[in-house]
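Shown next, in structure tokens, is the structure this report addresses.
The values are calculated or read from the model by the stated rules, or taken from the named source; none is laboratory data. Keep in mind the model is a prediction, meaning the values are calculated, not measured. Ideal geometry is used to build each Cβ from the backbone, glycine not excepted, and the neighbour counts take in all protein chains shown. The protein model used for the area step is the full one, side chains on, heavy atoms only, and it has no ligands, DNA or RNA in it. Shrake-Rupley method; radii C 1.70, N 1.55, O 1.52, S 1.80 Å.
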Amino acid sequence: MVATGTPDRRLSSEIFANYATVDVAKNGKRIPVSVSALENAKITDRCQSVPVHFPVLGTSTMTLKAGGSGAAVKAKNLYIDMTDLQAKSGTFNNVDIGVATGSITKGQVNPKDHVDPDGYAQQADSIEIIDAHQRVWATSAGTFELAGLHMNIAAGRHDCF
């Protein structure tokens, strides 16, 4: 598991929940993460970069870009496991902050996550985040429609941010 940099020009969703859990890397390292659970997400100008070190060759960067030119990326049941989020602005509609994870009624906990039902969570009817920059450890979705998809790998560091 490698952290990725993902800036998104606009990230919005109907139905949102956020809670804490721990991701476990293949080597057993435990990474505390904040999970954003988005039921019907739309993302414009998505860029995801993952630096990968190859013995002898050095570092290369895998990059995924999509959702440019006005065609949004769409995702259903999107879960973003992150350690950092910075944005120009964020709007949360009908937000509940300090809900017990086991009492989430807007959105859902990823069935693969092991969470404390009494742990801290928040939820909202909808969100809109502008110019999001995230440090992400894992992403999963029921459906991920990537309009204008471009994936490549190139020698060197080519971080999205």
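With every protein chain left in place, what is the accessible area per residue of the stretch 8-95 in square angstrom, probe 1.4 Å?
That works out to 52 Å² for each residue.
Lys and Arg at +1, Asp and Glu at -1: add these up for the other residues within a Cβ distance under 11 Å of SER89 and post the number.
Local net charge: 0.
Where the accessible area of the chain is counted over protein heavy atoms with a 1.4 Å probe, how much of it, in %, is carbon and sulfur?
Its accessible area is 52 percent carbon and sulfur atoms.
Quick one: compute a quarter of the convex hull surface over the Cα atoms of the chain and quote it in nm².
Result: a mean projected hull area of 9.5 nm².
With Kirkwood's inverse mean 1/r over C-alpha pairs for Rh, give me the Rg to Rh ratio of the stretch 102-161, two decimals please.
Expressed as Rg/Rh, it is 1.03.
Provide the per-residue ³J(HN,Hα) series for the stretch 24-32, in order, calculated from phi with Karplus coefficients 6.51, -1.76, 1.60 and θ = phi - 60°, each as a whole number of Hz, with x at glycine and proline positions.
So the Karplus estimates, Gly and Pro as x, are 10, 6, 4, 7, x, 4, 9, 10, x Hz.
Put +1 on the Cβ of each Lys and Arg and -1 on the Cβ of each Asp and Glu in the stretch 26-90; which of THR61, ALA71, ASN27 then has its Cα farthest toward the positive end of the dipole?
Going by the charge dipole, the pick is ASN27.
Cut-off under 21 Å on the C-alpha distance; same-chain residues fewer than 8 positions from LYS26 excluded. Which lysines are left, in chain and number order?
Straight-line reach from LYS26, under 21 Å: LYS112.
Taking the C-alpha atoms of the stretch 53-125, how large are the radius of gyration and the largest Cα-Cα span, Dmax, in Å?
Over the stretch 53-125's Cα set, Rg and Dmax evaluate to 17.5, 53 Å.
Among the listed pairs LYS29/LYS76; LYS29/LYS106; LYS29/LYS88; LYS74/LYS106, give every one whose C-alpha distance is greater than 26 Å.
Listed pairs above 26 Å: LYS29/LYS76; LYS29/LYS106; LYS29/LYS88.
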